[in-house]
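Where a number appears in this text, it was derived from the coordinates with a stated rule and is not lab data. Because the structure is a prediction, the values reported are computed rather than measured. Glycine gets a Cβ as well: all are built from the backbone with ideal geometry, and neighbour counts include every protein chain shown.
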Amino acid sequence: MPKRIRFAELAKPLPAKHSVLGRRLRAGLDEVPEHLRGEIKLTDYDKLESFEVELLRLRVRFGLSQARFARAFGLDVTAVAAWEQGRRRPNRMACILFAVIAHEPEAVRRALAA
């Protein structure tokens, strides 16, 4: 039977030997009680409500087919189709790329051409 971990055990300071990821996870766990009490508001990075609709609007705004949009911005055409049809959700990096494309498409094109 696995050992049960109490919250008090999680509150102990971590030695410096732990990884950066471990320290970040720990810092996140430390914020949970404060968030639950309403003392802090956690940052929310999900700004797009519907990725499928937003991506389609973005592509239509540029007047590009899925294939041309994918080629123009270094994306896989099957991924673009799957995202638009709701069969897959773009990961965080793809969402960041969509935001840059929406605001500075020429910057993405310049970066890809370099």
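The modelled label-to-label distance between ARG37 and THR78, using points 7 Å beyond Cα along the C-beta direction, is 5.1 nm.
Take ALA114 and ARG26, extend 7 Å from each Cα along the Cα→Cβ direction, and tell me the distance between the two endpoints in nm. Result: 3.7 nm between the two label points.
For region 56-114, what is the convex hull volume of the alpha-carbon atoms per residue, in Å³?
75
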